[in-house]
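Written below as structure tokens is the structure these notes are about.
The values are calculated or read from the model by the stated rules, or taken from the named source; none is laboratory data. Predicted model, so just to flag it, every value in this text is computed and none were measured. Cβ: placed from backbone, ideal geometry, glycine included. Neighbour counts: every protein chain shown. The protein model used for the area step is the full one, side chains on, heavy atoms only, and it has no ligands, DNA or RNA in it. Shrake-Rupley method; radii C 1.70, N 1.55, O 1.52, S 1.80 Å.
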Amino acid sequence: MKQLMDMRYDNVGGVREFIMKMVHIWTKLKSHQVNLNKKFIVKHALISLPTDYTQIKISHNTVGEKWIVNDLITKCVVEEEKLKNEKVT
């Protein structure tokens with residue numbers, strides 16, 4: 001549980017891999033009867049992202065639709081590509 005709670009994305013590797021690591025740890029915890037719902041993983045992943053991803057966080061908080069992990073990954077990967085393109089220019 002500590003490993004999951006201490007995770008923070010540091011822009012090393014891809015954001016997809018980071019979120020997938022969280023999901024992997026979450027799955028291990030579930031196998032040990034530690035029940036964290038899917039909303040928790042989405043929220044915790046959002047909190048773990050750096051300020052570069054503020055737009056995603058705002059979108060999640062204001063839109064009102066419920067995101068699943070795959071939605072989060074898709075949106076974060078798009079944002080990651082946008083951020084990379086902005087740094088190149």
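Annotations for the structure displayed:
- All conditions but one from (1) touching a residue at least 24 places away in the same chain (Cβ under 8 Å); (2) open to solvent by 90 Å² or more (accessible area, probe 1.4 Å) apply to residue 32; the one that does not is (1).
- Residues of the range 45-80 satisfying the condition of being of a type in the set (Lys, Arg) and in a loop (DSSP other than H, G, I, E, B): 66
- Only residues that are of a type in the set (Ser, Thr, Tyr) and assigned to a loop (DSSP other than H, G, I, E, B) were counted across the range 1-29, and they come to 1.
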